[in-house]
Amino acid sequence: MVNKYIFILIIFPIVVFSKPSNDEIYTLYRNSVLDESMRLHVATFDAQNGKETHSYNMSNCMIAQELFQNQPYVKTKFWCEKGKFRK
């Protein structure tokens, strides 16, 4: 039982403090065919990748945006924004 608490006390701070900052996170959105002003959440890119976290998340979001946008018959628009999902 004591080992479990020691494990939690060691792992918890690592998990909490290893998350990327809001400046390193990118979110992919799309609009709606019925309402072009609508912002719908598609994906959030919040991987932790050391010093490359910002560029890693940004480039993955942009690649996903291009792949979604370039599908045949897609009429919605896809775009990336810096930060976590916002309504």
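Scanning region 17-39 for residues that are surrounded by 13 or more Cβ atoms within 10 Å (Cβ to Cβ) and not aromatic (Phe, Trp, Tyr) gives 20, 24, 25, 27, 28, 30, 31, 32, 39. Candidates in region 40-87 are the residues that are of a type in the set (D, E, K, R) and farther than 17 Å from residue 24 by Cβ; of these, the one that is surrounded by the fewest Cβ atoms within 10 Å (Cβ to Cβ) is 87.
Of the strands (runs of 3 or more DSSP E) entirely within the chain, those holding at least 1 residues that are modelled with pLDDT of 95 or more and of a type in the set (Ser, Thr, Tyr) occupy 26-30, 40-45.
The values are calculated or read from the model by the stated rules, or taken from the named source; none is laboratory data. Worth saying up front: this structure is predicted, and the values here are computed from it rather than measured. Methodologically, a virtual Cβ is constructed for each residue, glycine included, from the backbone with ideal geometry; neighbour enumeration extends over all protein chains shown.
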